[in-house]
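Notes follow the structure.
The values are calculated or read from the model by the stated rules, or taken from the named source; none is laboratory data. Everything numeric in this text was worked out from a predicted model, so none of it was measured. Heads up, the Cβs are rebuilt from the backbone with ideal geometry, glycines too, and the neighbour counts pull from every protein chain shown. All accessible areas refer to the heavy atoms of the entire protein, side chains included, with ligands and DNA or RNA removed. Shrake-Rupley method; radii C 1.70, N 1.55, O 1.52, S 1.80 Å.
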Amino acid sequence: MSEKKEKIVAIKGMNDILPADAPLWELFENTAETILKSYGYQKIVTPIVEETRLFARAIGAVTDIVEKEMYSFEDSMNGDQLTLRPEGTAGVVRAVIEHNLAYDGPKRLWYKGPMFRHERPQRGRYRQFFQFGAEAIGFSGPDIDAELIMLCRRLWDDLGLEGIRLELNSIGNAEERNRHRADLIAYFEANIDQLDEEAKRRLHANPLRILDTKNPKMQDLVNQAPKLLEYLGEESLAHFEGLKKILDANNVQYTVNPRLVRGLDYYNRTVFEWVTDELGAQGTVCAGGRYDPLIETFGGKATPGVGFAMGIERLIELMKSAGEPAAPSQCDVYMVHQGSEAQMRAFILAERLRDAGLDVVLHCATPQGAGSFKSQMKKADASGAAFAVILGDDEVAGNVAAVKALREGEEGQQQTSVPFDNVVDFVVDQIVGHDHDHDHVHYHA
């Protein structure tokens, strides 16, 4: 007797997207891609693996992501230090510089794909997670910041998502942040007994991140801390006021949150987050901001940039709680057949129907056999198909096929005998006649 093999399961925090959830993912991705295209954004695809130093430079060596969360390894073939990408912006910026994409003017770009961070898995957060993001390279004004924010609002509206709020802030430029940082460190040093261990660790390396603390015991201390907005110069203030003016004119609701910061030097001016109360502690569904110094930091010519990234899993969670749409039918037509000659004809007819733009599932045998007409009709009904096309010995002998309507209202679910060569015309006419939304039928008589 052979030994039973141990079952292999997915790595913790790396989850499968199963067929039952696929329609929601497709709805999100199709909606987002359509909106990005309507604003003039073009798709860019970058590798999942990059040199480790790309992210160390982009994200900052003294951050939780680089210190604790990156999946980094040495390539055993050549000794290269590589990392599975923890976010999308660094790879896009690297590609823009490497391929000189901005040489002929600004670029609007979007991307989607898996990112990797070794953090504690929780609702809507995984170690392999999917992001959808956009980067606008070469634009310097507040108008493009507003465009990205309004693009997000359109996405929430088109997906039917409610209760997603916009929080907004300006973090000025490096000189303004340095003056604020000096006062911030002095303030926290004067109250060092109230800082937790994480805050003490960040005090000199990354004090802005202390403002982001979730520790309830530190909230009063943080609320009384010097506010970055009070340190902004004339240009930074004008940029922020310009952004707010465009948002106000377009009825975009927002809250200015002075505690909304980024801990990295290359971020500047506009920062924004879309947040919700629906997902517990993981309330941010989209984060964005301006990063004008980043391209120069990467060795490129000084070029402004701004972008956002959103976690698709969190948005799928919101789509589910907003009321999951009915699962779409698997196909338009289910081919039922019995007998070897009927099977051959079923293949021919299924291909003809697909040529006409219909989705067709052809019944295939399982280890239990080909299945009776009755069992095949049960599968046809469960598939969600509008019609079953049935072929047996009698149909083959008469050079016909039986077409049966499976849904309520389809002519009383009647069954019609149709000459074999007329089946495609008959089924297309039935579907187009009954379903005016059936856009993918592209049959031409």
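Those residues that are at pLDDT 85 or above and exposed (fewer than 14 other Cβ atoms within 10 Å of the Cβ), I need them from the range 184-205; list them, please.
Residue satisfying the conditions is Ala186 alone.
If you check every pair at least six apart or on different chains, which have Cβ atoms under 6 Å apart with a residue in the range 43-56 that is farther than 15 Å from Ile97 by Cα first and a residue that is open to solvent by 70 Å² or more (accessible area, probe 1.4 Å) second?
Thr52/Gln81
What pairs can you find where one residue is in the range 378-407 and free of Cβ contacts under 8 Å to residues at least 12 places away in the same chain, the other is among the polar types (S, T, N, Q), and their Cβ atoms are less than 9 Å apart, with a gap of 6+ or different chains?
Ala382/Gln330
Conditions: (1) part of a loop (DSSP other than H, G, I, E, B); (2) within 30 Å of Arg94 (Cα to Cα). Gly323 meets all but one. Number of the miss?
Among (1) part of a loop (DSSP other than H, G, I, E, B); (2) within 30 Å of Arg94 (Cα to Cα), the lone unmet condition for Gly323 is (2).
Within the set of pairs 6 or more residues apart or between chains, which connect a residue that is more than 9 Å from Ser170 (Cα to Cα) inside the range 230-244 to a residue that is open to solvent by 70 Å² or more (accessible area, probe 1.4 Å) with Cβ atoms less than 6 Å apart?
Matching pairs, first to second residue: Tyr231/Arg179.
Considering only residues that are in a helix (DSSP H, G or I) and modelled with pLDDT of 90 or more, look in the range 389-419 and name the one that is surrounded by the fewest Cβ atoms within 10 Å (Cβ to Cβ).
Per the stated criteria, the residue is Ala397.
Condition check ((1) of a type outside the set (Asp, Glu); (2) open to solvent by less than 40 Å² (accessible area, probe 1.4 Å); (3) on the phi < 0 side of the Ramachandran plot) across all residues:
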site	(1), (2), (3)
Gln338	yes, no, yes
Glu341	no, no, yes
Arg345	yes, no, yes
Arg352	yes, no, yes
Asp355	no, no, yes
Cys364	yes, no, yes
Lys374	yes, no, yes
Ala380	yes, yes, yes
Gly384	yes, yes, no
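Among the numbered criteria (1) hydrophobic (A, V, I, L, M, F, W, C); (2) surrounded by 17 or more Cβ atoms within 10 Å (Cβ to Cβ); (3) closer than 30 Å to Tyr41 by Cα, which single criterion is violated by Leu208?
Of the numbered conditions (1) hydrophobic (A, V, I, L, M, F, W, C); (2) surrounded by 17 or more Cβ atoms within 10 Å (Cβ to Cβ); (3) closer than 30 Å to Tyr41 by Cα, the odd one out for Leu208 is (3).
Checking Met377 against (1) under 12 Å from Val336 (Cα atoms); (2) hydrophobic (A, V, I, L, M, F, W, C); (3) touching a Lys or Arg at 6+ places or on another chain (Cβ under 7 Å), only one condition comes out false. Which one?
Met377 satisfies all of (1) under 12 Å from Val336 (Cα atoms); (2) hydrophobic (A, V, I, L, M, F, W, C); (3) touching a Lys or Arg at 6+ places or on another chain (Cβ under 7 Å) except (3).
Check the range 236-247 and report whether any residue there is open to solvent by 10 Å² or more (accessible area, probe 1.4 Å), part of a loop (DSSP other than H, G, I, E, B) and modelled with pLDDT of 85 or more.
No, every residue in the range 236-247 fails to be open to solvent by 10 Å² or more (accessible area, probe 1.4 Å), part of a loop (DSSP other than H, G, I, E, B) and modelled with pLDDT of 85 or more.
Could you check, for the range 268-280, whether at least one of its residues is of a type in the set (Ser, Thr, Tyr), assigned to a helix (DSSP H, G or I), touching a helix residue (DSSP H, G or I) at 6+ places or on another chain (Cβ under 9 Å) and touching a residue at least 40 places away in the same chain (Cβ under 8 Å)?
Within the range 268-280 (the criterion being of a type in the set (Ser, Thr, Tyr), assigned to a helix (DSSP H, G or I), touching a helix residue (DSSP H, G or I) at 6+ places or on another chain (Cβ under 9 Å) and touching a residue at least 40 places away in the same chain (Cβ under 8 Å)), the answer is no, since none of the residues qualifies.
Among Leu148, Leu208, Leu166, Leu161, which is the only one that is modelled with pLDDT under 85 and either of a type in the set (A, V, I, L, M, F, W, C) or under 18 Å from Pro304 (Cα atoms) (or both)?
Leu208
For Arg123, only one of the following conditions fails: (1) at pLDDT 85 or above; (2) more than 30 Å from Asn250 (Cα to Cα); (3) under 19 Å from the mean Cα position of the chain (by Cα); (4) open to solvent by 50 Å² or more (accessible area, probe 1.4 Å). What is its number?
The single condition Arg123 does not satisfy is (1).
If we scan the range 90-113, do we find a residue that is open to solvent by 40 Å² or more (accessible area, probe 1.4 Å), small (Gly, Ala, Ser) and touching a residue at least 24 places away in the same chain (Cβ under 8 Å)?
no
Can you tell me which of Tyr291, Tyr334, Tyr254 is at pLDDT 90 or above, more than 30 Å from Ala56 (Cβ to Cβ) and surrounded by 22 or more Cβ atoms within 10 Å (Cβ to Cβ)?
Just one listed residue meets the conditions, Tyr334.
Output the helices (runs of 4 or more DSSP H) that fall wholly within the range 114-222 and possess 3 or more residues being closer than 26 Å to Ile97 by Cβ and touching a Lys or Arg at 6+ places or on another chain (Cβ under 9 Å), or say none.
Details: elements: 142-159, 174-190, 197-202.
Here the list reads 142-159.
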